[in-house]
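All remarks here apply to the structure that follows.
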Amino acid sequence: MKIIRRAASIFLLLLTAALSFGVGAAAEPFDKFEIGEGADIASYERVYVAPVMVSEGLAARIDYVPLNASDTVRPLSPGNVRRNVEEVEDVIKAAIGKRVTLVDEPGPRDLTIQIILTDLNPNRPSQAELKVRPTMNASSVTAGGAAASVEFLVGDILIALGESAYAGNALDGQSHPWRDADLYFAALARDIASLLD
């Protein structure tokens, strides 16, 4: 029943956004942002940051085994995903904790922020990637990045939905394995915090 209510609230939010802003309308700070009519994210003083979730597509890359040599899916280990789930949650809590009161459990009038990681790519081959592609060079630098969907809810009602992504550039020669993902998480935290001002 909860899934049906959530699906219905997503449909109503998207319909309201389409009517209010035009289909496909985007608003800063996200690449895509839709907000229900009359919703005011900045009016909430108490915020619950729900545990970060991972999309089905990203979860399918955990311990993924490529089908053949031309398969471009980049495998991730459970540790890779866990590290980034913890990182994005910590960075977002630190950024918004300066503006609002963070709560351990959402009350009926508190804003809940649900982050869903939808993509994640390291700047260096992950151990999971090297395991399935032994000819790959462990010191090579690749374009990293991340993407997420962010739901803003009050109770079970979705009041806003944001999506954004960031892909770095392999040519900058950065060697930190998660540099571009970390840059994205910091920008996402700033974007969410700016909505609470």
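The values are calculated or read from the model by the stated rules, or taken from the named source; none is laboratory data. Just so you know, these numbers come straight off a predicted model, no measurement behind them. Don't worry about glycine lacking a Cβ; one is built from the backbone with ideal geometry, like all the others, and counts go over all protein chains shown.
Would a scan of the range 62-81 turn up a residue that is within 13 Å of Ile116 (Cα to Cα), in contact (Cβ under 8 Å) with a residue 12 or more places away in the chain and loosely packed, with under 13 Cβ neighbours inside 10 Å? No, every residue in the range 62-81 fails to be within 13 Å of Ile116 (Cα to Cα), in contact (Cβ under 8 Å) with a residue 12 or more places away in the chain and loosely packed, with under 13 Cβ neighbours inside 10 Å.
Against the test of being at pLDDT 50 or above and farther than 28 Å from Ala189 by Cβ, the options Leu19, Leu67 yield a single qualifying residue, Leu67.
Selection of the range 101-136 for residues being polar (S, T, N, Q), exposed (fewer than 15 other Cβ atoms within 10 Å of the Cβ) and either under 10 Å from Arg46 (Cα atoms) or under 21 Å from the mean Cα position of the chain (by Cα) (or both) yields only Thr101. Quick test of your reading of the structure: Ile62 fulfils all but one of (1) at pLDDT below 90; (2) of a type outside the set (Phe, Trp, Tyr); (3) farther than 26 Å from Leu195 by Cβ. Name the failing condition by number. Every listed condition holds for Ile62 apart from (1).
Scanning the range 137-152 for residues that are surrounded by 21 or more Cβ atoms within 10 Å (Cβ to Cβ) and in contact with a Pro (Cβ under 8 Å, 6 or more places away or on another chain) yields a single hit, Gly144. Of all the listed residues (Ala148, Ala189, Ala193, Ala181), the sole one being touching a residue at least 60 places away in the same chain (Cβ under 8 Å) and assigned to a strand (DSSP E or B) is Ala148.
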